[in-house]
There are 2 protein chains.
Amino acid sequence: MSDYSLHRPLPASEVAAWDIETDVAVVGFGASGACAALEAARGGARVTLFEMASGSGGASALSGGEIYIGGGGGTEVQRAAGFTDSTNALATYLKMAGGPDADSAKCDLYAAESLSHFEWLKAQGVPYKGTFVPGKIIEPATDDTLIWSGSEEAWPYSAAAAPAPRGHVIQFEGWGGGRKLVDILERNVREAGVDVRTDARVLALVTDGPRVVGLVVRIDNRDRFVRAAATVICTGGFCMNDAMLRRYAPGTLKLTDPIGENDNGSGILMGMSAGGDAIHMDEFFTTCPWIMPESLVKGIFVNSRGQRFINEDCYHGRVSRTMVDQPGDRVWLLVDNAIFARPIDLARIDIAAVGETWEEVERDLGLPEETLAATVQTFNRYAAEGRDPIWQKAAKWLKVLDDPPFAALELRYPGSYFSFFTLGGLSTRPSGEVLDRGGAPVPGLFAAGRATSGLPRSGHGYSSGMSLADCTFFGRKAGESAAAAARIMQAEGIRELA
Amino acid sequence: MSDYSLHRPLPASEVAAWDIETDVAVVGFGASGACAALEAARGGARVTLFEMASGSGGASALSGGEIYIGGGGGTEVQRAAGFTDSTNALATYLKMAGGPDADSAKCDLYAAESLSHFEWLKAQGVPYKGTFVPGKIIEPATDDTLIWSGSEEAWPYSAAAAPAPRGHVIQFEGWGGGRKLVDILERNVREAGVDVRTDARVLALVTDGPRVVGLVVRIDNRDRFVRAAATVICTGGFCMNDAMLRRYAPGTLKLTDPIGENDNGSGILMGMSAGGDAIHMDEFFTTCPWIMPESLVKGIFVNSRGQRFINEDCYHGRVSRTMVDQPGDRVWLLVDNAIFARPIDLARIDIAAVGETWEEVERDLGLPEETLAATVQTFNRYAAEGRDPIWQKAAKWLKVLDDPPFAALELRYPGSYFSFFTLGGLSTRPSGEVLDRGGAPVPGLFAAGRATSGLPRSGHGYSSGMSLADCTFFGRKAGESAAAAARIMQAEGIRELA
């Protein structure tokens, strides 16, 4: 009796007969899987794509369809808006964003090829209006293209890398262009002749010694055995798998709004079952959409001790991720009458206290005297001089908070809307080859997207569009590599081995 | 040609001949390996213990030989010193210390059996003088026994669990009793007839399907094949493996003083290679010995923004772990003339600034006005009332810092002495069975100590003696379980299968 699971590959010797034979098997039909399948097919491989849901999508289709692009003098959209960009600035920003173990090879490669990747996306039919929307926004409410989508203009990034806006959003009226992006990619995938199998849940890898030689897939309630010269895991992260979150990323446990569809970690587990290394599994992106309307950025955040903890002009997700690090179960955004605006309902941010003085707000929140009020006093003193020597918030966002009444807007865990997804996953080369714990490739196995630890490797450095940049670009690389590996195996006749 | 490594088990079918056959193979001769081997041998198993170094030791021998013990009314040492303790208080404390994914089953079992474990240790010949040393110390400079070794009296622990001192230190003059503890365990191990093989480096597990059936061990520069009904991994953590630290625990990268001998993560990697789950790999213990002399505890810590970040009367390791979370590359301990004392040389703590006023200290450190000085002012205001409403430092440690001159003692990374070791590792049942990523046991595989994620699961909750409690107690359990598993296999005749 064969015994296989996400945790245990099936030895090829126990496969009685192959139900499906293909060159490249791709698992997961989000953006990374679509791009991998597409490039593998264009590379001459027979490609079969398995998706557990009834259609394409994944977390990519739940996104805004925004991709982090720049470098090399700038895209035509950046240039039309008056910005220049450099490959070095992009690479530097990506490496800072990646944290202490940033994947330098991926950052450098992406920075070098980002412009040509933009051309590729357009060649697939992804439309861009070509227009820039200034200010700090989460996604355009319109069908415009370019936004500031990260911390480029904020300290410490601004001090190290020349800032440029790099969030390129698919032309789509309102939020949610990710679905349109995946639809366009799907159209290309089908035109390229990829054999798409939906409602097809992958149960296990099949291995021949150290080599991955296929998959077991449940289709129509029957286990099918798939032989593939190369397998590409594009199954997303594990934000929908509570047991994995608890064991690997307990920092997410107080957050309630995963961005995922079937992001159950299955591909990460399968990759590990074949010896693949999973790294930085504790890392996650989170954000609460607290910057809408934009005037709120002129407020200051304090933690449960009344202390500021970051320059609030950073990317909203960087600020939110740092909120989650604070002691206690809530933080407050302090605003005065001049900048007050009601946060969008989605954010689930309540007004916790209102007062004619900051001392009154402090007291209403139950804080000891000389905490929150002292923090505001010090902030105001320097803001009046147009500077923030403590957290380096840029002058354009500084406002003396001295126009009563004053309010504390409360962000709580759980309670407020903190979306999140995981950033840890399989260790891969830029080529998509999955690496084992000794740093050697697992033969026959590739991966891309949030099933890997890629460009967006640290929740504190994340910027909007980084994950889709990683999914689409390194999805393509993985597909190319898988097709090449299949060609080599064909040439060597190894395909006949199993 | 066989291809095996820490990352890839050798299939038993590829073993031409077994060089060594045993019931229970134990890997690693620190405290957990010694206890596992001992109980397995006493359980009737033939036991072979493999150690890569030339003798016993491991990180256990680099420790103070202190074990966290209590509950059940208290040990006779606790009672003689006037303390009572309860199993519930101990279990509650351990669970709080374990963080959001504390291993409740291990905490409850250890709390229930802690007193009998103390009796067992004494029965092995581990000497305890039976005396209590009051105050906040790291280890007794004398041969005394009992100390406050954690955060029991500090908020928030004190509010949830009745405090008692639980650090029981082996009778040994000065620091470093861990070597003596391991020597005593080794004597028992040898008397119990365990076959001890030193200079024996384990290279890979041997598997038969999902079952671990032995090991490959390098002895005298030759690979030996060891058949074992049960294998117990007691190889310690990975603080000496830079590549693993980078991939799994990058929070340690700014620390320079690992406590390890051969803690290279090899056992964790081997366990994963057989399907074992490794969890909470980002967690680590760290401490800087800043509490010597004790008067320094009356100082207050501020971060690079001049903010306090914890009640300084917590366990020195909890305070140190929280230091590492702070923004920037240093923190300062603020003291006045009344409590000033030069920190011990080992700590590598410098005096960064001295002033007649806190404003002068603030300026000398390059901090903006109204930051550090404001923090001290607020602290002093409440300390004068005998309370700390912001961080809940206990009244006995509160001192108004108003006796000039004032000083800022600087703790830097890197620079100051921050010892550290890793806390993440294989997922195990209290029995020591290694669990796979689906939560099922890996047949034939057991583990204990810092190769596992055990009682001390969170660096923020660690208390001295928790790791040795975990190593010795769950080492014993793993040895008992391995011997039982070997007996069952013998009864079933499965041993003849390979």
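The values are calculated or read from the model by the stated rules, or taken from the named source; none is laboratory data. These numbers come from a predicted model, not from an experiment. Positions of Cβ are generated from backbone atoms using ideal geometry, with glycine treated the same way; all protein chains shown enter the neighbour counts. With ligands, DNA and RNA removed, areas are computed over all heavy atoms of the protein, side chains included. Shrake-Rupley method; radii C 1.70, N 1.55, O 1.52, S 1.80 Å.
Okay, here's what the table says:
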{"item": "Residue check, A:Asp195 on the phi > 0 side of the Ramachandran plot, open to solvent by 40 Å² or more (accessible area, probe 1.4 Å), among the charged types (D, E, K, R) and more than 14 Å from chain B (Cβ to nearest Cβ)", "result": "no"}
{"item": "The one condition in (1) free of Cβ contacts under 8 Å to residues at least 12 places away in the same chain; (2) under 19 Å from A:Thr286 (Cβ atoms); (3) away from chain B (no Cβ under 14 Å) that A:Asp242 fails to fulfil", "result": "(3)"}
{"item": "The listed residue being touching a residue at least 60 places away in the same chain (Cβ under 8 Å), open to solvent by less than 20 Å² (accessible area, probe 1.4 Å) and over 33 Å from the mean Cα position of the chain (by Cα), out of B:Val361, B:Val376", "result": "B:Val376"}
{"item": "Selection count where residues are outside any strand (DSSP E or B) and more than 24 Å from the chain's Cα centre (by Cα), scope segment A:324-342", "result": "9"}
{"item": "Segment B:323-340: number of residues that are more than 13 Å from chain A (Cβ to nearest Cβ) and more than 20 Å from B:Ser151 (Cα to Cα)", "result": "10"}
{"item": "Failed item in (1) open to solvent by 10 Å² or more (accessible area, probe 1.4 Å); (2) within 30 Å of A:Val206 (Cβ to Cβ), with A:Asp403 passing the rest", "result": "(2)"}
{"item": "Residues of segment A:313-322 classified as more than 14 Å from chain B (Cβ to nearest Cβ) and either within 21 Å of B:Thr371 (Cβ to Cβ) or part of a helix (DSSP H, G or I) (or both), total", "result": "4"}
{"item": "Some residue of segment B:429-436 being surrounded by fewer than 21 Cβ atoms within 10 Å (Cβ to Cβ), without any contact (Cβ under 8 Å) to a residue 60 or more places away in the chain and either of a type in the set (Lys, Arg) or touching a helix residue (DSSP H, G or I) at 6+ places or on another chain (Cβ under 8 Å) (or both)", "result": "yes"}
{"item": "Positions within segment B:267-311 being acidic (Asp, Glu) and either under 30 Å from B:Met240 (Cβ atoms) or touching a Pro at 6+ places or on another chain (Cβ under 7 Å) (or both), in sequence order", "result": "B:Asp277, B:Asp282, B:Glu283"}
{"item": "Matching option when the condition is charged (D, E, K, R), without any contact (Cβ under 8 Å) to a residue 24 or more places away in the chain and open to solvent by 10 Å² or more (accessible area, probe 1.4 Å), among A:Arg387, A:Arg457, A:Arg450", "result": "A:Arg387"}
{"item": "Cβ pairs under 6 Å, 6+ apart, first in segment A:118-135 and open to solvent by 40 Å² or more (accessible area, probe 1.4 Å), second charged (D, E, K, R)", "result": "A:Lys129/A:Asp143; A:Lys129/A:Asp144; A:Thr131/A:Asp144"}
{"item": "Strands (runs of 3 or more DSSP E) lying entirely in segment A:119-229 (those with 3 or more residues that are not hydrophobic (A, V, I, L, M, F, W, C))", "result": "A:132-136, A:200-208, A:211-219"}
{"item": "Conditions (1) in contact with a Ser or Thr (Cβ under 8 Å, 6 or more places away or on another chain); (2) open to solvent by 10 Å² or more (accessible area, probe 1.4 Å); number of the one not met by B:Ala491", "result": "(1)"}
{"item": "Segment B:270-283 residues that are facing chain A (nearest Cβ under 7 Å) and free of Cβ contacts under 8 Å to residues at least 60 places away in the same chain, paired with ones that are among the aliphatic types (A, V, I, L, M) and open to solvent by less than 10 Å² (accessible area, probe 1.4 Å) (beta carbon under 8 Å, 6 or more apart)", "result": "none"}
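To keep it simple, each residue is scored yes or no on (1) open to solvent by 30 Å² or more (accessible area, probe 1.4 Å); (2) assigned to a helix (DSSP H, G or I); (3) within 13 Å of another protein chain (Cβ to nearest Cβ); (4) among the polar types (S, T, N, Q).
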| residue | (1), (2), (3), (4) |
| --- | --- |
| A:Lys254 | yes, no, yes, no |
| A:Asn262 | yes, no, no, yes |
| A:Gly267 | no, yes, yes, no |
| A:Phe285 | no, no, no, no |
| A:Ile291 | no, no, no, no |
| A:Leu296 | no, yes, no, no |
| A:Arg305 | yes, no, yes, no |
| A:Phe309 | no, no, yes, no |
